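Notes to accompany the following structure.
The values are calculated or read from the model by the stated rules, or taken from the named source; none is laboratory data. What you are looking at is a predicted structure, and each value in this text was computed from that prediction instead of being measured. Neighbour counts run over all protein chains shown; Cβ positions are idealised from the backbone, glycine included.
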Amino acid sequence: MKIFFAIVSLAPLLTLGTAGCLVIPVPHSNSGYARTNVVAHTPEQFVPGQTTREAVILALGEPDAVSRDERELAYRSEKVVAVWIIAAASQGAGGATGGDIYKNNFYIFEFDPNGLYQTNRQTGQYGLVQGAQETQLRGPAEASAGPRNCVS
């Protein structure tokens, strides 16, 4: 972390007299805007053909999106993966701005007509805006009524 802060502190000096954009990868951390209990290894705790929809919901909580036929549940996680800095110096007056780069992941759990877990898939996208809302469910989605950022 000390190296990260040193780089961020020196970035404006590196761009003195020039204009530039700097992207700095950082250790992936939770953004604080999505659930933290869903990660890449989460689906491994469920057994295809045996785990029920109710067991998945009990383990992970209310989904962020549900397909209308209730055969797909989507859970969103969001990580900060990098920071960006744009700095410019012109005739002695300079300015800089920056922000986080997010990686949004949706873990989509698929169930058979009897409510038994079958498979899952992960979709993801990078963005500069926290809370991206595209689940990529195969069927139309209905937003959950939970307190989290809901998707539609």
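Starting from residues that are small (Gly, Ala, Ser) and part of a strand (DSSP E or B), keep the ones in the stretch 94-129 and report whichever is modelled with the lowest pLDDT.
The qualifying residue modelled with the lowest pLDDT is 94.
Here are 144, 152: which of them is at pLDDT below 75, surrounded by 17 or more Cβ atoms within 10 Å (Cβ to Cβ) and polar (S, T, N, Q)?
Of 144, 152, the one residue that is at pLDDT below 75, surrounded by 17 or more Cβ atoms within 10 Å (Cβ to Cβ) and polar (S, T, N, Q) is 144.
Assuming residue 84 fulfils every condition listed in (1) modelled with pLDDT under 90; (2) surrounded by 17 or more Cβ atoms within 10 Å (Cβ to Cβ); (3) within 21 Å of the chain's Cα centre (by Cα); (4) not in a loop (DSSP other than H, G, I, E, B) apart from one, which condition is it?
(2)
Mind checking which residues of the stretch 42-72 are under 12 Å from residue 118 (Cα atoms) and outside any helix (DSSP H, G or I)?
Across the stretch 42-72, the qualifying residues are 46, 47, 48, 49, 50, 51, 52, 71, 72.
Any idea which of (1) at pLDDT 60 or above; (2) surrounded by 15 or more Cβ atoms within 10 Å (Cβ to Cβ); (3) closer than 14 Å to residue 83 by Cα is the one residue 8 doesn't satisfy?
Among (1) at pLDDT 60 or above; (2) surrounded by 15 or more Cβ atoms within 10 Å (Cβ to Cβ); (3) closer than 14 Å to residue 83 by Cα, the lone unmet condition for residue 8 is (1).
Among all residue pairs at least 6 apart or on different chains, which show Cβ distances below 8 Å where the first residue, located in the stretch 17-31, is of a type in the set (Gly, Ala, Ser) and assigned to a strand (DSSP E or B) and the second is surrounded by 12 or more Cβ atoms within 10 Å (Cβ to Cβ) and modelled with pLDDT of 75 or more?
Close Cβ pairs (under 8 Å, with a partner that is surrounded by 12 or more Cβ atoms within 10 Å (Cβ to Cβ) and modelled with pLDDT of 75 or more) amount to 19/86; 19/87; 20/86; 20/87; 29/79; 29/80.
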